[in-house]
Each structure stands twice: as structure tokens, then as C-alpha cells.
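Colleague: Mind having a look at this structure? Questions to follow.
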2 protein chains.
Amino acid sequence: MKVELNVLDFLYRAVEVFPQRLALVDDPGVQGTLGRLTYAEIGQRVKGMASTLDAMGYKVGDRIGIVSPNAGKFLISYFGVSGYGRILVPINYRLNAEEVQYIVGHSGTRLLLIDPEYADVFSGVKVEQKLILDGTEDKELFAPLREGASVPEWLGDEDFACSINYTSGTTSRPKGVQMTHRNAWLNASTLGWHTTVTDRDVLLHTLPMFHCNGWGMPYAVTGMGGTHVVQRKIDGESILSNVEQEGVTLACGAPAVWAATLQGAEKRASEGRTIPGRDLMRVVAAGAPPPSRTIERIQGELGWEFIQIYGLTETSPLLTVNRRLKEWDSMDRAELARKLAMAGTPSIGVKLAEDADGEVLAQGNQIFKGYWEQPEESAKALANGWFHTGDGGLYQDGYLRILDRKKDVIITGGENVSSIEVEDVLFQHPSVAEVAVIGVPDPKWGETVKALVVLKAGATATERELQDFCRERLAHFKCPTSVEFRDELARTATGKLQKFKLRAPYWEGHDRLVN
Amino acid sequence: MKVELNVLDFLYRAVEVFPQRLALVDDPGVQGTLGRLTYAEIGQRVKGMASTLDAMGYKVGDRIGIVSPNAGKFLISYFGVSGYGRILVPINYRLNAEEVQYIVGHSGTRLLLIDPEYADVFSGVKVEQKLILDGTEDKELFAPLREGASVPEWLGDEDFACSINYTSGTTSRPKGVQMTHRNAWLNASTLGWHTTVTDRDVLLHTLPMFHCNGWGMPYAVTGMGGTHVVQRKIDGESILSNVEQEGVTLACGAPAVWAATLQGAEKRASEGRTIPGRDLMRVVAAGAPPPSRTIERIQGELGWEFIQIYGLTETSPLLTVNRRLKEWDSMDRAELARKLAMAGTPSIGVKLAEDADGEVLAQGNQIFKGYWEQPEESAKALANGWFHTGDGGLYQDGYLRILDRKKDVIITGGENVSSIEVEDVLFQHPSVAEVAVIGVPDPKWGETVKALVVLKAGATATERELQDFCRERLAHFKCPTSVEFRDELARTATGKLQKFKLRAPYWEGHDRLVN
């Protein structure tokens, strides 16, 4: 018997087996929050959403966008939109209106759901229909299935997209990654297995839900009947107090999230307060190679287990996993942290290789079917039956180490910033002759964006002026936090910037390789 | 990207990530045993097997039979045969020569591998080629890949059979269940997830490897890089000493296996010896609904976690799983055991239903594609898009209880009696070692309830005493109207009671079918 894999399978089990379990603790910090719901209630709201979308005239294959920080309604949309054959387009709420407009237009999004705090920012975005998630405009969409209302049937097709997730991209425009139900299902179940998700887990949503659908962890935790605790804004003390109050056992996030947690813990320690979750919590980190010192502190100072995974939006994302082996039990903390700082081993079903240039290649059912309406880019990314990650790495003895982004992407606070995109903006400034944008180490964000600028002869500009110029044109997180003026920039004989040379002085003494 | 699921994926990961790990501790009790091998060595032997089969002229799609108790070579055959597109036919070694001949002929097996202890028993079986697994005849087949030899490429097809597993069948002839790579892969990964298989696991092969390919657990444990400890013969003390000596953490088997283990533990306790594995071991039971008293004793006396699963050969087998929920943590042992005596909750990706007769129906990707060359039987089993289990059950509140094989339900005076429920009560009596409850003809009630009982060594009990024991605990109509004492009860190779054999003498000359 062949049954089409569908992300709705995970919710089906939760509603069947755990109807009275606490499913959701929504973040109270916003209008229209859902509060605390059981799986029976979630199930009814998911059906209600599908039914209402049907009544509103949205068909199988239609794209429904959502631009929102973490929220209970995002969780419902994973199932209420995708589970019935519509395609969710989760959009980074930190993009600016022009960038969101591009994604809405490119994806052909018909309905856009907007978090109330961002209603003004995105008020100018043109789309067929917009709804603010304020509990009023969207009241019907997130209500339980009405008595007598029908739920649209969708037989399913596992090779159909459940979502289109736009990458921040290394080219000037983001690309829409089509994640199929099969991609998402196999990613979630292998991730759930490798991280031993059980019915006892309480997941704190410290990872943006738009980012690769929370890496698939929301599906896995739902399938096992665990509880979701939503956190809109990331700061260390809020994470610690959620862990304490809600009995959190599991959380995902970029290294910057755990750095913030460590800061929160330091503050607690200085006040003589306890750190919750010792020996219970496990954190799953990805998005940037974490400093081994951060890993050591998470395991030592917090007593939380650190698990690293590696992947990209194009890979759903699970390509590798690194979790303490039994052979490492006797290591001291620093040595163990160095082991865990590697990207890790291929997860079940994944094959890895390197090409002649050291680019990491991957095969597996988590890998996307192609970019939305970009056949040439898709063919290039999936050439010769392998996905080309764009990352430079070293794969040996079953372990992958990521050496550098081949294309110089800067990863700051878990967000990918294309240096080219920022350079393009700076180049538009009348005083700028040459520019190189690089990532430099930052204790909070892992990396932060720095611009190295050569001014035109006779022209002037201040750091602040160039930063303001960027802020008018780019999402805040993409803008340089510092600008340095130079007389010239290191280039190859053919005129290409040698970024590894430009980065080197900033990275001395740090873990990141700067080749 | 769509990659064809292949059971070889599990071994691929083990060889990549854990080449130097101990993979196999073969049972020393037979000629031709493989001893202790690492995953690198297993990988080389699997490739060697595929290469040798190729050189011997066996093609993709050819059937290769194996009739053997548990053995390291069985583990290698799971991958060396199936992984390269040939179809493994695992045969119950306790069948007689005529039955094996039927399976060989029906499946079109070209090559039959025979355990040395069974060489004489099956010497008369006619097949194109036979090899005894004695280390001599099969030397080349289980040798590491020879230098310079090539491994046959198979691109894979997840809907292709990896094995044909013949059911023990309650009808006159066994049926060949075609298990696809997709069936096996999704079964193994959801089983691995639900039972939290990790790289730290050491699996004791207490379950016959021919039985549904060890329920898929060998694939799951391999994928995580765990260790396989092979046990040819089941007795309580051997299980306990393997747990002790090899650091076993996980084992699968029918309830009879755990009853034998409890007997072994009683003996150890009486000798003042310790019981190994406390708080480390988890046992996965299926194949028959276990008495709740057995569950209670496993958890209490051994300190091992009891997990129940339910399924059939046709379902790879995982349909349901029952593992202690957090809500049950505060229950006393007896109450917890009653909870765990249910078949359990649908596993990830499975849907359950009941038809009007109370027959359990199931949907899921673990369910087989059909019987080998029995299109009518296949169509019947898979009618209307559901698999018809043949089991009578009750599915409510997300939990399945198996009441009986449909044909084992006793209908007395219009009431349905679950023989399992009555057996469960009789098992709680301190003198009872084994029990089978069957329906026998009755002029007044049509059928009436009879108990066949094996007493514990040295114990005594009268018919009246056991009847009274039941009446205190069960509705009157469910209580045995007669009890017979026996020295032993007919069982299948996997430890299941053969109720049709037990019933047969009573029904001679009557209408009821006793198959």
C-alpha cells in the first residue's frame, strides 16, 4: 500500500492519541494570541482554517503567505494550509516592504496573513487579499470548524510543495525553495528520531517558524504529542523563564540564541537565581558554525545537551547531525565541545560528497524539488544528481566540517546576509568607489556585517551616512554594523576581491576558518 | 530530489560513520559463525555477497531463500541480497521439508541458503542451487569483497520487494508477503523513532530474524550504528547472560520469550545472583497480546521497560505502539501493566479503523503491496483501500485493544468472549504457567468457554479453583465451563499458540471451521 506522505499525518496522530493534551502555549505578547490549546482544539482550528480557505475560494495549489514572528497561528497554518493541498509561503518578518512585495509577487501569493505588530510596515504591500492576525480580521480563519461545515478533501501528492520558503539568497533576489510533503515528512521523522523526540517533549519555539518551517521540529513534536511553547522575541531571560515555567525540554536555534541564553544565565547566577532545565534540556543548533566555547558553556554552565545539525533551506534542512557518541563520554568538556563543533554525520538517508573545489554535495529525500519558477537556477543547484550546497567543507571519517560559505554569505544571528546584496546597495551611493562586505566575529550574533569602502577621489562620506543609506534600502539585519575606509582592497590579478584576505585579520584567534 | 528508499541506506550510514564500531557479536554455537565484526567488516562482506551473487549469475529480482535460526549471515543477507535488488525469502527453519519445498517452489527461489544444523532436515528440498552456511560451502558468498571485484549497481526502486516473507498462515498454505523497500524503510525509521533507538543501543536478537525481518529493528539499529548480538536459541538464562556480558539495551520478542526470561530471573534470584540490565533494558513485545501480569513482572522484577507494538507480517509490522506516557508515571505497577497490555496507539503515518464486524482495518506505508502471485488474496486483503487485519479489536480514545483473532472469538449464547481476556485473568493465578482459552461445541450455547492449562512445576490447582478465580474477576458468561490440565500447548515457531490445533479434537464432526 502506498499512502501519499502528508505533513498532516503528524497532526492526525496527535489529535487521535492526545486530544486532551496541552498542545500550545501561545506567546501572550500580542493581540490575537491563541492562549493555551489542546490537540483537540488545534485539530478543530486546523480543520476550520481549511474549511474557511475553501469557502473564501482558495484552491489546491494556491499560495498563502504569512509574515509573522512566532505565533500559535503559524503552527496552525503549517497544517491548515499545507495539509489540504495549499502552499504556505512563510516570509521573514524582518524583510522590508519592498522585499516582501517581491516574494508575494514572485510566488503568486493570493492571500497574505500579517502579524498585527507589522501591519503598518507592510500596509503598502499589494496582494489580492490581506488579513491582519489580530483576532478580528482573521477571526473566522482561526476559529474551530463550524458545526455542519465541511473540510475540503485532498487526496495528497507527496511530491507536491507543502511550502515555498524564500532564501535570503546569495544573489540579489531571494529564491523560492519548493519543499514537498515528502521532503518535510522524511526530514521531520529523521530529525525526530536523531534528536529522540518523544511524547514527553516540550518544545520552546526559539527558532523563527518561517525559517525552513522551524527545521521540521514542529511537525516531529506534534507527531509525538509534545507541547509547543511559542516565544516571539528572543532574549536570554525569557528563554530561561519559559524553560522554568513550562517545563521545556527541547529548543532549536542559531548559536546567537544560545549565546543570549548564556548571558541570561550569567545574570541569573550573579543574582543567586537557579538555571532551569539541567539534565533535561537539549538544544539543537544550526545556521552557523558555533564557537566551541559556546558549546562548552551550554553543556557546562547550563547543563543542557548540545546537538548540532547542518543543512540549508533547500534541504528541509537536515543533512547532518552531531550528538555526543558513547565514545566521547569520557572526554573533558572542552574536548567534547570541539567534537560537537563539527557539522556532524550524514543523517539517515543522506549521502555526502565533496567536489574538486571542496564544495559540499548532498543527496537525500530532504532535498527540495527545485526553486519556484527558476528552472535554470534549479538545474544548476541540482546538477548531476547532487545538490550543490555552496558551502566549502571537509568530509572525512563520517564527519562533515563546514569551512566557509563558498559564496561569502554572512550568517548573523541565524540570518543569512548576502554580501553581494549589501555591496550592491553601497555601490549605489555616489561617493563609493569600491566596496567589500564581509562577516567579522561578534560575541552576540556569531558574525556581524562589516563594510570595507574605498571612496571616490575627492568624495566624502561618514560611517553613519553609509549605514543610513543601507537602512533605507535593506532589512535592518543586513546593514553593516561598522564601516571602515580603505585606500584599496585586495584583489586577484583578474580583479576579483580576495575576501579571505580581507577577513583574515578580524578572525585571528577565532575558530572560523577564513580561507 | 527524490531518492529511492533502499534498506541499504541504513548500512550506508553505519559504514560511513561507525566503521570501527563493533557491529556484530555472532552466536558462537554453530559451524561457520562470523564471530565479532565491525561495521567496516560487515560493509565489506555485504559488498562481497552482492558481488559473488552477481558472479554466480543471480540477477535483479531473483529470489534468494534463507532457512536459518538467527545468525550473523542473516544480518548480512538483509543488505547483501535486498540492497542490490535481489529479493530475500526468509524461511522459518522450524517448518518441515515439505513446507519449505512449497515456499521455495511458490516463490521461485533460485538459491537456498541453509543453516548447517538443518542441512539434513532440508537435504531433500529441490531448488536450483543450495549452499550450507557452514563456512565451507558458503565461504566465497560471505567473504569480504575481493580486491578488484566489482559491486553490481542497482539504482533502486522503493516500490520493489526487498523480501517475500511467508506468513505462518492459519490456512493450509502460507502466503508470500511482498515487503517493499519503502515499507521496510518507513517501518524501520518510525519504529526506531518510537522506541528511541540510538547509537548507544545493543540489540539482542531474541526475535527470529526470519520473522518480518526482525520487525525492522535490525535496519533501525544498523542505521544508528548500534551493535547486534545474535542469539540462536531462546532460554531465559542465555538471554540474561547475554544482557550481562554484552551490555544489551534492547530486545524484541513474543511474550513467551519474556515469560522464559522471567523464569530465568526467578532461578537467578533463588541462587542469589543479580539480574542485569535494570533501568537500561527495554523490551519490545508483539506477536500475541501479553498477559498484564507478565508486563508487571518484567517492569517490577527485572526493572526493564516494556513496550508493546502490534502488527502483522503484512504491515512490516508496525501499526501501533504502546509506551509509558508521562500521564502514567504515577500509576502503581499493576495499573501501569494493564495500560501497557493494550496494543497501543497508531504509529506515525498509520490510520486505524474498525469495520462493522469489529475487524481492525489499517492504512499506512508499512502495509505490503500484495501477496506474491496471489492476486485474489491480495485484492481481498486490501479491499476498499484498507488492509483487513483479520483481528477483532476495539479502537477508541486513540488506543487499540486486540480482542482476538476474528476466528478465535468465542460466541457463547450470543455473547462475544475474547479468549485473550480470559487468558489474561488465568495468568494472574499463581499456579498457572501457560493457558489457552478456546471455544468448544455446546448443545445449548452453540459454543462454550474451555481453558487448557499448564501448571507451574510443583504447583497445584483444581478446575473448580480456577473457575472460581475467574468468576471473581470476569462476567459469568466469560468464565470457563471446563478446565483441562496439559503438559504443554501447541505453539508456532514464533511462540504463538496454535489454537486451531488445540480446538480441532473438540470440533470433529461439527460445522465450525477450526483453521
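The values are calculated or read from the model by the stated rules, or taken from the named source; none is laboratory data. Since the structure is predicted, the reported quantities are computational estimates derived from the model, not experimental observations. Because the Cβ atoms are built from the backbone with ideal geometry, glycine has one as well, and the counts that use them run over all protein chains shown. Accessible surface areas use protein heavy atoms only, side chains included; no ligands, DNA or RNA. Shrake-Rupley method; radii C 1.70, N 1.55, O 1.52, S 1.80 Å.
Colleague: Looking at B:Ile348 and the list (1) aliphatic (A, V, I, L, M); (2) surrounded by fewer than 21 Cβ atoms within 10 Å (Cβ to Cβ); (3) assigned to a loop (DSSP other than H, G, I, E, B), which single condition is not satisfied?
Modeller: For B:Ile348, the exception is condition (2).
Colleague: Could I ask something else about it? Please verify whether B:Val360 is away from chain A (no Cβ under 12 Å) and within 28 Å of A:Gly83 (Cα to Cα), treating the condition exactly as stated. Spell out how you get there, then give the answer.
Modeller: Working: away from chain A (no Cβ under 12 Å): yes; within 28 Å of A:Gly83 (Cα to Cα): yes.
Against the criterion (away from chain A (no Cβ under 12 Å) and within 28 Å of A:Gly83 (Cα to Cα)), B:Val360 qualifies.
Colleague: Suppose we filter A:Asp62, A:Asp54 for residues that are over 24 Å from A:Val25 (Cα atoms), open to solvent by 10 Å² or more (accessible area, probe 1.4 Å) and touching a strand residue (DSSP E or B) at 6+ places or on another chain (Cβ under 8 Å); which single one remains?
Modeller: Only one candidate qualifies: A:Asp62.
Colleague: Still on this structure: Among the residues of segment A:381-425 satisfying the criterion of being open to solvent by less than 20 Å² (accessible area, probe 1.4 Å) and within 14 Å of another protein chain (Cβ to nearest Cβ), which is farthest from A:Leu319 (Cα to Cα)?
Modeller: So, considering only residues that are open to solvent by less than 20 Å² (accessible area, probe 1.4 Å) and within 14 Å of another protein chain (Cβ to nearest Cβ), the one farthest from A:Leu319 (Cα to Cα) is A:Ala381.
Colleague: Follow-up question, since we're still on this one. If you take the residues of segment A:363-380 that are at the interface with chain B (Cβ under 10 Å from one of its Cβ atoms) and not in a strand (DSSP E or B), which of them is surrounded by the most Cβ atoms within 10 Å (Cβ to Cβ)?
Modeller: Filtering first and then ranking leaves A:Gln366.
Colleague: Ok, one more. With B:Val453, B:Val440 as the choices, which residue is in a strand (DSSP E or B) and under 30 Å from B:Gly253 (Cβ atoms)?
Modeller: Among B:Val453, B:Val440, only B:Val453 is in a strand (DSSP E or B) and under 30 Å from B:Gly253 (Cβ atoms).
Colleague: Let me ask another. What's the number of the only condition in (1) in a helix (DSSP H, G or I); (2) closer than 18 Å to B:Pro430 by Cα that B:Pro480 fails to meet?
Modeller: Going through the list (1) in a helix (DSSP H, G or I); (2) closer than 18 Å to B:Pro430 by Cα, B:Pro480 breaks only (1).
Colleague: Follow-up. Could you list all residues from segment A:481-493 that are open to solvent by 100 Å² or more (accessible area, probe 1.4 Å) and at pLDDT 80 or above?
Modeller: Residues satisfying the conditions are A:Asp487, A:Glu488.
Colleague: Right, here's the next one. Could you check, for segment A:279-290, whether at least one of its residues is among the acidic types (Asp, Glu) and crowded, with 19+ Cβ neighbours inside 10 Å?
Modeller: No, segment A:279-290 contains no residue that is among the acidic types (Asp, Glu) and crowded, with 19+ Cβ neighbours inside 10 Å.
Colleague: Given the criteria within 12 Å of chain A (Cβ to nearest Cβ) and within 20 Å of A:Ala14 (Cβ to Cβ), does B:Thr315 qualify?
Modeller: No, not satisfied.
Colleague: From the residues in segment A:39-48 that are in contact with a strand residue (DSSP E or B) (Cβ under 8 Å, 6 or more places away or on another chain) and open to solvent by less than 10 Å² (accessible area, probe 1.4 Å), which one is farthest from the other protein chains (Cβ to nearest Cβ)?
Modeller: Going through the qualifying residues, I end up with A:Ile42.
Colleague: Residues of segment A:326-351 being hydrophobic (A, V, I, L, M, F, W, C) and either touching a strand residue (DSSP E or B) at 6+ places or on another chain (Cβ under 9 Å) or touching a residue at least 12 places away in the same chain (Cβ under 8 Å) (or both), which ones?
Modeller: A:Ala334, A:Leu336, A:Ala337, A:Leu340, A:Ala341, A:Met342, A:Ala343, A:Ile348, A:Val350
Colleague: Could I ask something else about it? Mind checking which residues of segment B:189-235 are of a type in the set (Gly, Ala, Ser) and within 14 Å of chain A (Cβ to nearest Cβ)?
Modeller: B:Ser189, B:Gly192, B:Gly216, B:Ala220, B:Gly223, B:Gly225, B:Gly226
Colleague: State whether the residues of segment A:335-343 include one that is open to solvent by 30 Å² or more (accessible area, probe 1.4 Å), facing chain B (nearest Cβ under 9 Å) and out of contact with any Ser or Thr (no Cβ under 7 Å at 6 or more places or on another chain).
Modeller: no
Colleague: Taking the residues in segment B:10-38 that are open to solvent by less than 20 Å² (accessible area, probe 1.4 Å) and within 9 Å of chain A (Cβ to nearest Cβ) as candidates, determine which candidate is farthest from A:Thr389 (Cα to Cα).
Modeller: B:Arg21
Colleague: Here is a further query. Just to check your reading of the model, which residue among B:Glu305, B:Glu301, B:Glu271 is within 14 Å of another protein chain (Cβ to nearest Cβ) and open to solvent by 10 Å² or more (accessible area, probe 1.4 Å)?
Modeller: Being within 14 Å of another protein chain (Cβ to nearest Cβ) and open to solvent by 10 Å² or more (accessible area, probe 1.4 Å) holds for just one of B:Glu305, B:Glu301, B:Glu271, which is B:Glu305.
Colleague: Between a residue in segment B:1-26 that is assigned to a loop (DSSP other than H, G, I, E, B) and any residue that is among the basic types (Lys, Arg) and open to solvent by 10 Å² or more (accessible area, probe 1.4 Å), which pairs come within a Cβ distance under 8 Å, given they are 6 or more apart or on different chains?
Modeller: B:Met1/A:Lys369; B:Lys2/A:Lys369; B:Asp26/B:Arg36
Colleague: So is B:Leu186 within 14 Å of chain A (Cβ to nearest Cβ), in a helix (DSSP H, G or I), in contact with a strand residue (DSSP E or B) (Cβ under 8 Å, 6 or more places away or on another chain) and within 20 Å of B:Ala161 (Cβ to Cβ) or not?
Modeller: no
Colleague: If the requirement is being open to solvent by 40 Å² or more (accessible area, probe 1.4 Å), more than 23 Å from B:Met49 (Cα to Cα) and modelled with pLDDT of 95 or more, which of these qualifies: B:Gly124, B:Gly176? Give the steps one after another, and end with the answer.
Modeller: On the way: B:Gly176 fails: open to solvent by 40 Å² or more (accessible area, probe 1.4 Å).
Testing whether each residue is open to solvent by 40 Å² or more (accessible area, probe 1.4 Å), more than 23 Å from B:Met49 (Cα to Cα) and modelled with pLDDT of 95 or more leaves just B:Gly124.
Colleague: Please find, among A:Arg338, A:Arg401, the residue that is in a helix (DSSP H, G or I), over 19 Å from the mean Cα position of the chain (by Cα), of a type outside the set (A, V, I, L, M, F, W, C) and modelled with pLDDT under 90.
Modeller: On the way: A:Arg401 fails: in a helix (DSSP H, G or I).
None of the other options fit; the residue is A:Arg338.
Colleague: Here's a follow-up. Tell me which residues, restricted to segment A:210-224, are out of contact with any strand residue (DSSP E or B) (no Cβ under 7 Å at 6 or more places or on another chain) and not in a helix (DSSP H, G or I).
Modeller: Correct list: A:Met224 only.
Colleague: Okay, moving on. Only one of B:Arg86, B:Arg110, B:Arg146 is crowded, with 24+ Cβ neighbours inside 10 Å and among the basic types (Lys, Arg); which?
Modeller: B:Arg86
Colleague: For the condition over 20 Å from B:Arg293 (Cβ atoms), modelled with pLDDT under 90, of a type in the set (Lys, Arg) and open to solvent by 70 Å² or more (accessible area, probe 1.4 Å), what is the one hit in B:Lys501, B:Lys496? Don't jump to the end; show me each part of the working.
Modeller: Numbers: B:Lys496 fails: over 20 Å from B:Arg293 (Cβ atoms).
Within the list B:Lys501, B:Lys496, the selection yields B:Lys501.
Colleague: While we're looking at this one, here's another question. What are the residues in segment B:456-468 that are in a helix (DSSP H, G or I) and surrounded by 11 or more Cβ atoms within 10 Å (Cβ to Cβ), if any? Before you say what the answer is, go through the steps one by one.
Modeller: As a first pass, look at segment B:456-468 and keep what is in a helix (DSSP H, G or I): B:463-468.
B:Glu463, B:Glu465, B:Leu466, B:Gln467, B:Asp468 - these are the residues of segment B:456-468 that are in a helix (DSSP H, G or I) and surrounded by 11 or more Cβ atoms within 10 Å (Cβ to Cβ).
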